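Here the structure comes first, spelled out in structure tokens, and everything after it is commentary.
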Amino acid sequence: MNRVPVLIVLMLVLFSLILPSVAVAENQQGLDIAAIDAFIEEEMRISRIPGLTLGIVKNGEIAYLEGYGHAGKGRDLSPQTPFLIGSLSKSITAVATVQLAEAGLLDLDSPVRDYLPWFEMAGEYDVSAMTVRHLLVQTSGIPWEAGLSTLAENSGLSLEEEIRLLRDVALAHPPGERYIYSNTNYNILGLIIENNSEQGYIAHVESEIFRPLEMQNSYLAISDGESGGMSEGHVKWFGFPVATDIQYLENSLAAGFIISSAEDMSRYMLMHLEEGRYDQLRILSEARVSELHTPGRTVEDENEYAMGLVVREVNDSGLIMHDGATQGFNSGMIFSPEEQWGVIVLANFASQLELPAMGIAMGIADIIQGSTPETGSLTWKMIYLGLLVLLIILVALTVRSIILLPKKWVVRIRENRPRGFFPVFGRIVLPAGLELLVPFLIFIFIPAGAGFSVWSLFMLFHPDLVYSLLLLAALMLIKALWRLYLAFRTGTN
């Protein structure tokens, strides 16, 4: 038997087993993978996150990709699993806007009305002074609640119909004066891209961003995301994450409803870190990327908000970041152009009191920089649990009180009937009035003050808290009316 071919075959097999491991190890660029995995698993345990995906880029390469937990329905997560990325969508919309500016199809310092001639808003301030740049850096003067009302009302209107409704919304400040974060700024940008690009918003993002960046698991329609194996979203019910039918608004795509994966967003970060290049392709010029990363200026103070990104100084290092949250999903992205690393975290759980993705991304950034990360704070988790327990106790006590009113309170009233204004007011009217105050605040005053369906918005993230609060308000109303009826019946007998 000729031993040389056998040895060659054995060597080839050995190399086939060794080379992939070597490639991964080299690509990890000295990352402490054990520390990263341990940190994430602990954070997932603390926050009860069903599933999370991670991407790390370093020195021009994707250094680490991993999936943790499950995507729902017994499916494991992978770095290719699509998630709703929430307000990270704004950064993609900003890139698309600046691409159009680079192509000469719009001017960032031209008025919005140059591209949407019918655009109008109410109030004393001059909307004609609002520019495209004001929208990008969130200094347009559009109030924050304008963007929340669309989410709260779960509107099925088209994007243009939504923007036309702004004629009834007053600017909070003159354009350029102050920073106010509002989803509406980026919804308007989406419509400008739709109307002024050569392809429309969706086709432009797909052909000019997704395709050249090889973002093969990124989508601009929920049906496409689901066909691509999108993770389920989760909200908490009484402390435990539960899969939910998520809200998806086509008319807010540009501000918060793009779907992507950790692997794809890692490629997207590489483009930012490489000053607009990806592989051999140029997505944007260096000057335009610098513009994307430059915070906007306001009349009153310095601003951290750049174009779909937040620029922040942390431990003497300039970091660029943004987070995102939609019903059932939370995301966090952070990168350092100076030190050439970036982190993307996508989680399939979100609440307004617990948004863990950015904290986890910051912790991993600490590990990358050689420091020990702080574990997630339990403060907001304890606030959530405290509110939940308090509401449950109040509901139980109110039910008990309703049952006991005719047995104890009425008996005391009969034994010592109040006579005169002050006794009647103090023992009957005042208790009923205080009980009516709660439903008045919950059902009328707070929604009116917010200017939109505030409980519908909170229901997306905290259904258990909102249902408990509404039940408490309804029970307090019943108790007040029951008290007044019993007092009247007792007084006429």
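General remarks:
- In the condition set (1) farther than 30 Å from Ser285 by Cβ; (2) part of a helix (DSSP H, G or I); (3) touching a His at 6+ places or on another chain (Cβ under 7 Å), Ala243 is compliant with all but (2).
- The selection criterion, being surrounded by 23 or more Cβ atoms within 10 Å (Cβ to Cβ), in the same structural domain as Thr131 (by TED's automatic domain parsing) and either in a loop (DSSP other than H, G, I, E, B) or not polar (S, T, N, Q) (or both), holds for Tyr268.
- Qualifying residue in the stretch 243-252 (condition: of a type in the set (A, V, I, L, M) and more than 22 Å from the chain's Cα centre (by Cα)): no
- When residues of the stretch 403-419 are limited to those that are under 12 Å from Arg483 (Cα atoms) and touching a residue at least 24 places away in the same chain (Cβ under 8 Å), the one surrounded by the most Cβ atoms within 10 Å (Cβ to Cβ): Trp409
- Val395 in a helix (DSSP H, G or I), β-branched (Val, Ile, Thr), surrounded by 12 or more Cβ atoms within 10 Å (Cβ to Cβ) and at pLDDT below 85: no
- Residue in the stretch 333-344 that is under 21 Å from Thr139 (Cβ atoms), touching a strand residue (DSSP E or B) at 6+ places or on another chain (Cβ under 6 Å), in the same structural domain as Leu108 (by TED's automatic domain parsing) and buried (at least 19 other Cβ atoms within 10 Å of the Cβ) present: no
- If the condition is being polar (S, T, N, Q) and modelled with pLDDT of 95 or more, then the stretch 255-293 contributes Ser260, Ser261, Ser266, Ser285, Ser290.
- Pick from the stretch 81-120, criterion of a type in the set (Ser, Thr, Tyr) and out of contact with any Asp or Glu (no Cβ under 8 Å at 6 or more places or on another chain), ranking: surrounded by the fewest Cβ atoms within 10 Å (Cβ to Cβ): Ser110
- Of the strands (runs of 3 or more DSSP E) entirely within the stretch 278-382, those holding at least 3 residues that are in contact (Cβ under 8 Å) with a residue 60 or more places away in the chain occupy 317-326, 329-336, 341-347.
- Lys479 being part of a helix (DSSP H, G or I) and buried (at least 16 other Cβ atoms within 10 Å of the Cβ): yes
- Looking only at the stretch 364-387, and only at residues there that are crowded, with 18+ Cβ neighbours inside 10 Å and in contact with a strand residue (DSSP E or B) (Cβ under 9 Å, 6 or more places away or on another chain), the one that is nearest to Leu465 (Cα to Cα): Tyr384
- Residue check for Arg400: touching a residue at least 24 places away in the same chain (Cβ under 8 Å) and at negative phi: no
- The residue pairs whose first member lies in the stretch 208-232 and is free of Cβ contacts under 8 Å to residues at least 60 places away in the same chain and over 25 Å from Ile49 (Cα atoms), whose second member is in a loop (DSSP other than H, G, I, E, B) and among the hydroxyl-bearing types (Ser, Thr, Tyr), and whose beta carbons are closer than 7 Å, counting only pairs six or more residues apart or on different chains, are Phe210/Ser218.
The values are calculated or read from the model by the stated rules, or taken from the named source; none is laboratory data. On a predicted model such as this, the values are computed, not experimentally measured, just so you know. Counting neighbours? That spans all protein chains shown, and the Cβs are built from the backbone with ideal geometry, glycine included.
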